[in-house]
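What follows is one structure encoded as structure tokens, with my remarks underneath.
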Amino acid sequence: TVAAFDSFRFVIKGSLAGAAVYVAYDQGLLGSGTQGAEALKKAQAALPPAIQEWTSYIGWEVRTLPTTPKFDFSPSDSWNKGVQTVMSALSVAPTRACEYSVQGWKYVKDLVK
């Protein structure tokens, strides 16, 4: 019975993970940077009305909701910055590897003396 319970938990967790990936894909979060920025704008626009509706459904009285924070964030710019950083690191990697091997060889020589 323990094995059946564990396998049931595994199926439930796998289903939730699959559903989360599907929702992220469906909303455009796994697409290009432009699609991600559009999805973020849609979420910022939909969040306050959804919270208001949820609180009225629960029965909480919310007099004023705090405004959603404004993000000055561009996923495409961040992606491009990350790609540039990685490519820069890869382009200097052979030179750095040579420098580090020379330093390592010098260290070993000094230890042997």
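Taking a straight Cα-Cα cut-off under 20 Å and skipping sequence neighbours fewer than 8 places away in the same chain, the lysines within cross-link reach of Lys41 are Lys70. The length gained by stretching the chain between Arg96 and Ile51 to full extension, at 0.36 nm per residue less their Cα-Cα distance, is 11.0 nm. Each residue of segment 94-107 was assigned a 3J(HN,Hα) from its phi angle through the Karplus curve 6.51 cos²θ - 1.76 cosθ + 1.60 (θ = phi - 60°); the sequence is x, 5, 5, 4, 5, 4, 5, 5, 5, 4, x, 5, 5, 4 Hz, with glycine and proline shown as x. Applying 1/(1 + (r/R0)^6) with r as the Cβ-Cβ distance of Tyr22 and Lys42 and R0 = 25 angstrom yields a FRET efficiency of 0.90.
Every number in this text was worked out from the coordinates using simple rules, so none of it is lab data. Since the model is a prediction, treat every value here as computed from it, not as a measurement. Heads up, the Cβs are rebuilt from the backbone with ideal geometry, glycines too, and the neighbour counts pull from every protein chain shown.
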